[in-house]
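The values are calculated or read from the model by the stated rules, or taken from the named source; none is laboratory data. Here the structure is a predicted model, which means the values were calculated and not measured. Don't worry about glycine lacking a Cβ; one is built from the backbone with ideal geometry, like all the others, and counts go over all protein chains shown.
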Amino acid sequence: MTTAAEPAPVSSAAGAVLPGVRWALLRDLRIALRSRSELAVQLLFYVIVVALFPLASTPEKTLLSTMGPGVLWVAALLASLLSLPRLFAADYADGTLEQIALSPYPLEALVSGKILAHWLTTGLPVALLAPLLGVVYQMDGESMAVLAAALLIGTPILSLLGAIGAALTLGLRAGGSLLALLILPLYVPVLIFGAGSVDAVRAGLGATANLTLLTAGLIIAVVGAPFAAAAAVRIALD
Amino acid sequence: MTLNWFRLASPATFYPVAGRLIPWFAWPAALCACVGVALGLGAAPTDFQQGDAYRIIFIHVPAAWMSMFLYLVMAFWGAMSLGFNTRLSAMLAQAIAPTGALMTFLALVTGSFWGRPTWGTYWAWDARMTSELILLFLYLGVIALRSAIDDPRRADRACAVLALTGAVNVPIIYYSVKWWNTLHQGMSVRPGESKMATIMLLGMLIMSFAAWFYAIAVVLHRARSIMLERESGAAWVGALAETRS
């Protein structure tokens, strides 16, 4: 029997941020890679949406090359929206999310790990694929490079902000479309600066301003979004 | 004698207080509106550049100011409800959202009508118009989220988190004319100086107070309805004259 002088054992996981991120990241990556076809489907969705716009308007070259960056960005937004429910819904449905919230690891760290895994499986492939699809939109090499850079900075922001929306709409009936209504207004600045970076390069102004602002947005999102998303997860679990 | 503000956090206490406050804001709102409209449509001179089309400023600017201010107030009450876990703060935030959305919509529509004769277009995707449109979507998102969640306390907390997340948009709207080259005119009015003729400024300020008092009166009235609805099981609700049938 323990005496009153002995302190109660404290888990080494309490307050451990990076181990928590690592645990959630590896778990979610392992689960996502088990259904590789689901990830491939998301990429195919992206390609199809990108292919729809020239069919809807005109295959005329100058028009396509003007539309190109915007279309590639909007399709990235839509692909992100479509994949966001996957972040929390499966864990919420079978009760794992509750156990995750009860863990001694900080919930913000675990949520950050999940968001990182989501970006690696959704945002990163889109960011790498988009410049290749830029060929379809008659984009030149410099535009493609700037687009890739902007998407690499912007897609993590989409995952971070999207996680807040996904957590807020957990388990609700109108889930998907409500998520879009909540998240798209927050995505708009990312879209404006992201697509604007390519337009700026084409206009000869250089992409530094847009990319710097995007990076600032990324830093703010990395610092703030895990707290908001963790708070939203706790609200959904009550 | 110190006032214990937390006493007002009880819906049973705040309901009659709000009821007594409403006329103190509703009548001044009506008075300011009459004076402001008389100044704006009658006394203010015709503008040198824009002719008489500028007179929509007396609705457009107060509505736009209120749209931004009400969002910040809604986010404030959301933060209070999260921090102090009070129901009434969340009910106030719930009451503000529809009025804020209305003000935003008014600002956008009156701005459209103003743009047509002066800029030649109903809409241009410039920084201020776009960010005000985003503000409308943010308000509608908060209203939609509340109606999508059945449990009122969960809805309170979720809408508070959403309102706080979107609050970063309001400074963007305000400073958009300074940060971007936009079609929308720059800041003509700043504390301590103004580029407008005095009587136009006076009319605009009086209409702003009218909008502010109107918003307070309407929000308090809506909050009273929300209190009756959400606290309908409580004894004090059944004891009210209004609810006894």
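Summary table
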quantity: Boolean, B:D126 is at pLDDT 90 or above and acidic (D, E); calculated: no
quantity: Condition check for A:L178: modelled with pLDDT of 90 or more, within 13 Å of chain B (Cβ to nearest Cβ) and more than 23 Å from B:W125 (Cα to Cα); calculated: yes
quantity: Count of residues meeting criterion [closer than 22 Å to A:I100 by Cβ, touching a residue at least 12 places away in the same chain (Cβ under 8 Å) and either within 12 Å of another protein chain (Cβ to nearest Cβ) or surrounded by fewer than 21 Cβ atoms within 10 Å (Cβ to Cβ) (or both)] in the stretch A:210-230; calculated: 7
quantity: Subset of the stretch B:110-143 [surrounded by fewer than 19 Cβ atoms within 10 Å (Cβ to Cβ), of a type in the set (G, A, S) and under 21 Å from the mean Cα position of the chain (by Cα)]; calculated: B:S112
quantity: Unique residue being out of contact with any strand residue (DSSP E or B) (no Cβ under 9 Å at 6 or more places or on another chain) and over 28 Å from B:C159 (Cα atoms) when the list is A:G165, A:G204, A:G176; calculated: A:G204
quantity: Residue that is surrounded by the fewest Cβ atoms within 10 Å (Cβ to Cβ), among those in the stretch A:73-99 that are among the acidic types (D, E) and assigned to a helix (DSSP H, G or I); calculated: A:E98
quantity: Candidates A:V126, A:V135, filtered to the one that is at pLDDT below 90 and part of a helix (DSSP H, G or I); calculated: A:V135
quantity: The one condition in (1) surrounded by fewer than 24 Cβ atoms within 10 Å (Cβ to Cβ); (2) touching a helix residue (DSSP H, G or I) at 6+ places or on another chain (Cβ under 6 Å); (3) part of a helix (DSSP H, G or I) that A:L172 fails to fulfil; calculated: (3)
quantity: Residue that is farthest from A:L168 (Cα to Cα), among those in the stretch B:147-158 that are surrounded by 18 or more Cβ atoms within 10 Å (Cβ to Cβ) and more than 7 Å from chain A (Cβ to nearest Cβ); calculated: B:D156
quantity: Selection count, the stretch B:163-177, where residues are surrounded by 19 or more Cβ atoms within 10 Å (Cβ to Cβ) and free of Cβ contacts under 8 Å to residues at least 24 places away in the same chain; calculated: 1
quantity: Unique match (being among the acidic types (D, E) and within 14 Å of chain B (Cβ to nearest Cβ)) among A:D199, A:D140; calculated: A:D199
quantity: Criterion (more than 14 Å from chain A (Cβ to nearest Cβ) and either part of a helix (DSSP H, G or I) or without any contact (Cβ under 8 Å) to a residue 24 or more places away in the chain (or both)) met by exactly one of B:A97, B:A107, B:A144, B:A124; calculated: B:A107
quantity: Condition met for A:L158 (touching a residue at least 24 places away in the same chain (Cβ under 8 Å), in contact with a Phe, Trp or Tyr (Cβ under 9 Å, 6 or more places away or on another chain), more than 21 Å from B:Y139 (Cβ to Cβ) and more than 10 Å from every other protein chain (Cβ to nearest Cβ)); calculated: yes
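Conditions (1) modelled with pLDDT of 90 or more; (2) surrounded by 15 or more Cβ atoms within 10 Å (Cβ to Cβ), marked per residue:
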residue: A:T3; (1), (2): no, no
residue: A:E6; (1), (2): no, no
residue: A:A14; (1), (2): no, no
residue: A:L18; (1), (2): yes, no
residue: A:V21; (1), (2): yes, yes
residue: A:L29; (1), (2): yes, yes
residue: A:R34; (1), (2): yes, no
residue: A:E38; (1), (2): no, no
